[in-house]
1. When the range 142-157 is examined, which residues are found to be part of a loop (DSSP other than H, G, I, E, B) and in contact (Cβ under 8 Å) with a residue 40 or more places away in the chain?
2. For the range 195-218, what are the residues that are assigned to a strand (DSSP E or B) and either out of contact with any helix residue (DSSP H, G or I) (no Cβ under 6 Å at 6 or more places or on another chain) or not assigned by TED's automatic domain parsing to the domain that holds Ile152 (or both)?
3. Does any residue of the range 68-83 turn out to be modelled with pLDDT under 60, farther than 20 Å from Met38 by Cβ and not in a helix (DSSP H, G or I)?
4. For the range 158-188, how many residues meet the condition of being in contact (Cβ under 8 Å) with a residue 40 or more places away in the chain and among the charged types (D, E, K, R)?
5. I need the full set of residues from the range 8-44 which are hydroxyl-bearing (Ser, Thr, Tyr) and assigned to a loop (DSSP other than H, G, I, E, B), in order please.
6. Inside the range 160-174, can you point out the residues that are over 17 Å from Leu133 (Cβ atoms) and hydroxyl-bearing (Ser, Thr, Tyr)?
7. Step by step: first the residues of the range 169-194, then only those that are out of contact with any Lys or Arg (no Cβ under 6 Å at 6 or more places or on another chain) and part of a loop (DSSP other than H, G, I, E, B), then the one that is farthest from Ala3 (Cα to Cα). Which residue is that?
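The values are calculated or read from the model by the stated rules, or taken from the named source; none is laboratory data. Everything numeric here is computed off the predicted structure, so don't read it as measured data. Neighbour counts run over all protein chains shown; Cβ positions are idealised from the backbone, glycine included.
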Amino acid sequence: MNAQDVMTVDVVSVGPGHGIRHAIELMLANNVSGLPVMDDGGKLVGILTEGDLLRHAELGGGHPLTGEAAETAHDYARAASWMVSDVMSVRPVTVDEHTPVTRIAYLMQKYGIKRVPVMRGDRVVGLVSRADLMLAILEAAPDDAGRSDDAIRRAIETRIRVATGLAPDAIRVTVRDRQVTLEGTVEHADQREAARVAAISLANVRSVANEIVVKARAEAETKTDRD
């Protein structure tokens, strides 16, 4: 499943010369938490998010001009300006239409972002949000009883990567006679549990042996063995 399969195509955007008040009204009216910022030629020049707006001076985000002058002045301009171009995040993370959803989930987790513009050349053709990825999981058709072990393995790998945002090779999945074994090392216990749930919730899976190790636990056990 790729970006083009899950993206929202009716993208609400704002221009860099628009006012902050207009941008907020667009967000509220369309129930979105971020807007691509596009110039008059339709080229993506940034993205405006709720996080950017929360830095605004009206919400206590302004800073006095103290400390390093250039850096502080830049922070002050972002916090005090009422123009989108001064507040938006520049150089946003983007993907193309053929980017796998597993890669998108990984980018969202890596950079702590909630949405990714989908590009065709230098044009925005869609937007993938965390909600879009969650819907993709919910709408995934259950597999028929006749699916092979290999097909079940590939389906589980996709679900795990979307659910956890981990890199494609972080968790190894093996399936024998519809019995699943999960192996690998993860940073957090929640990722281990999410992987198990993603596997056991797939139709036709008979059982799941969760042998994934949480990194902190693995390091502690290694230290104990050395001691």
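1. Pro142, Asp143, Asp144, Ala145, Arg147
2. Correct list: Ser207, Ala209, Glu211, Val213.
3. Of all residues in the range 68-83, those modelled with pLDDT under 60 come to 68-80.
With the extra rule that they be farther than 20 Å from Met38 by Cβ, the set shrinks to 68-77, 79-80.
Filter once more, keeping what is not in a helix (DSSP H, G or I): 68.
Within the range 68-83, one or more residues are modelled with pLDDT under 60, farther than 20 Å from Met38 by Cβ and not in a helix (DSSP H, G or I).
4. Matching residues across the range 158-188 total 2.
5. Ser13, Ser33
6. Thr174
7. Looking at the filtered set, the residue picked out is Asp177.
Yes/no matrix, rows are residues, columns are (1) crowded, with 17+ Cβ neighbours inside 10 Å; (2) within 26 Å of the chain's Cα centre (by Cα); (3) more than 25 Å from Ala136 (Cα to Cα):
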| residue | (1), (2), (3) |
| --- | --- |
| Arg161 | yes, yes, no |
| Leu166 | yes, yes, no |
| Ala170 | yes, yes, no |
| Val186 | yes, yes, no |
| Ala189 | no, yes, no |
| Ala199 | yes, yes, no |
| Ser207 | no, no, no |
| Val213 | no, yes, yes |
